[in-house]
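Just below is one structure, and these are the notes that go with it.
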Amino acid sequence: MAEPSTPFQIDDALDAEVRRAAEVLSRARSVVALTGAGLSVESGIPPFRGKGGLWTKYGEPPLDGYQRFLEDPAESWRKQLDPKEPWARALRDTLSAARPNAGHRALAELEGLGRLDCLITQNVDDLHTQAGSRALAEIHGNYTLLRCTGCNVRFPRAGFPIDREQLPPVCPECGNVVKGDTVSFGEPIPADVLQRCFDAVERADCILVAGTSATVYPAAGFPVEVVRAGGSLVEVNPEPTDLTSLATVHLCGPGAVLLERLVHHVRALAEAA
Ligand SMILES: [Zn+2]
């Protein structure tokens, strides 16, 4: 599938800023990245809210989704498996058609270069994994996985035995109810993932934020914490955000193009060293 072509061009002035951002990343002892929906828009996944958004079209999921799941997990599962439920189908079709873009691939390469210790994402679309990122903390879960509500073990959704006559499915390890790994409204972020985030942020002296204005907690706290501890912030977003005033470098434009160029400069600096 061809990626949407972008008319965005990096001129000399912006490229100098990209190089400056690459120097910041290259000087850092430990870099953590934080990504959000903006990065996946370029892979054809519309944001949930706003024009063309999935929630705008199909209605927002219930704000007490997790409570409803806990009260009647079998019913939640029946709804999710119902082929006539337009919301569930639209989400599945959209996510399964999406492919990683140059921005996802650039972040995977940054990890491969040893310049990225942890990638925290708010996205559930699996595109960072598909691009090759491994040190990943998916704070809102991953739609391709299931998670045991008892022992937190994840299972690939594909191939997990689900008996429609005997819902909800249960964990083969501990017998507790299994739910989608995607974090529902009202559901706490799984403790293991949150701990990985806290550890990575505490270690980091540089945070790279891309495709998110990071206004939702806990993600909103991560850039602030790194900066408060004396670290640097590199922001890649098409518009200024509340973070921009804190940023060491703000690269203004689409994430795919800018991250690709950023990692090009990081690689060049590593080769020159
Ligand atoms: Zn379990």
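The values are calculated or read from the model by the stated rules, or taken from the named source; none is laboratory data. Since the model is a prediction, treat every value here as computed from it, not as a measurement. Methodologically, a virtual Cβ is constructed for each residue, glycine included, from the backbone with ideal geometry; neighbour enumeration extends over all protein chains shown.
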Asn101 being farther than 18 Å from Val32 by Cα and among the polar types (S, T, N, Q):
yes
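Quick check on Arg78: is it charged (D, E, K, R), closer than 30 Å to Phe198 by Cβ, modelled with pLDDT under 95 and in a helix (DSSP H, G or I)? Steps first, answer last, please.
On the way: charged (D, E, K, R): yes; closer than 30 Å to Phe198 by Cβ: no; modelled with pLDDT under 95: yes; in a helix (DSSP H, G or I): yes.
When the stated conditions are applied, Arg78 does not pass them.
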Grab the strands (runs of 3 or more DSSP E) fully contained in region 192-253, keeping just those with 3 or more residues being out of contact with any helix residue (DSSP H, G or I) (no Cβ under 6 Å at 6 or more places or on another chain) and basic (Lys, Arg).
none
Residue under evaluation Asp181, criteria (1) more than 16 Å from the ligand (Cβ to nearest atom); (2) at pLDDT 95 or above; (3) over 19 Å from Thr212 (Cα atoms); (4) not β-branched (Val, Ile, Thr), criterion not met
(1)
Would you please list the contacts, defined by Cβ atoms under 6 Å and residues six or more apart or on different chains, that run from a residue in region 228-256 that is closer than 18 Å to Asp11 by Cβ to a residue that is buried (at least 18 other Cβ atoms within 10 Å of the Cβ) and of a type in the set (S, T, N, Q)?
Ala256/Asn101
Any hit, region 219-229, residues being buried (at least 18 other Cβ atoms within 10 Å of the Cβ) and within 16 Å of the ligand (Cβ to nearest atom):
no
Being exposed (fewer than 14 other Cβ atoms within 10 Å of the Cβ) and either in contact with a Pro (Cβ under 7 Å, 6 or more places away or on another chain) or among the hydrophobic types (A, V, I, L, M, F, W, C) (or both) is the filter; apply it to region 49-67 and report the residue that is modelled with the lowest pLDDT.
Gly52
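For region 87-106, which residues satisfy the criterion of being part of a helix (DSSP H, G or I) and either among the hydrophobic types (A, V, I, L, M, F, W, C) or in contact with a helix residue (DSSP H, G or I) (Cβ under 6 Å, 6 or more places away or on another chain) (or both)?
Scanning region 87-106 gives Trp87, Ala88, Ala90, Leu91, Leu95, Ala97, Ala102, Gly103, His104, Arg105, Ala106.
Tell me, please, whether a residue that is without any contact (Cβ under 8 Å) to a residue 40 or more places away in the chain and more than 22 Å from Ile207 (Cβ to Cβ) can be found in region 103-120. First the steps, then the outcome.
Kept after step one, since they are without any contact (Cβ under 8 Å) to a residue 40 or more places away in the chain, are these residues of region 103-120: 108, 111-112, 114.
Checking which are more than 22 Å from Ile207 (Cβ to Cβ) leaves us with none.
Within region 103-120 (the criterion being without any contact (Cβ under 8 Å) to a residue 40 or more places away in the chain and more than 22 Å from Ile207 (Cβ to Cβ)), the answer is no, since none of the residues qualifies.
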Pairs under 7 Å by beta carbon, first residue of a type in the set (Gly, Ala, Ser) in region 61-83, partner in a loop (DSSP other than H, G, I, E, B), six or more apart or different chains?
Gly65/Ser184; Gly65/Phe185; Gly65/Gly186; Ala74/Leu167; Ala74/Pro168
Hey, any hits in region 156-174 for a residue that's surrounded by 22 or more Cβ atoms within 10 Å (Cβ to Cβ), at pLDDT 95 or above and either touching a Phe, Trp or Tyr at 6+ places or on another chain (Cβ under 6 Å) or at negative phi (or both)?
no
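Which one is nearest to the ligand (Cβ to nearest atom), of the residues in region 125-149 that are under 24 Å from Cys174 (Cβ atoms) and assigned to a loop (DSSP other than H, G, I, E, B)? Steps first, please.
So in region 125-149, the residues under 24 Å from Cys174 (Cβ atoms) come out as 137-149.
Filter once more, so that each one left must be assigned to a loop (DSSP other than H, G, I, E, B): 139-144, 149.
Values: Ile139: 20, His140: 20, Gly141: 16, Asn142: 17, Tyr143: 19, Thr144: 18, Thr149: 8 Å.
Residue satisfying both the conditions and the ranking: Thr149.
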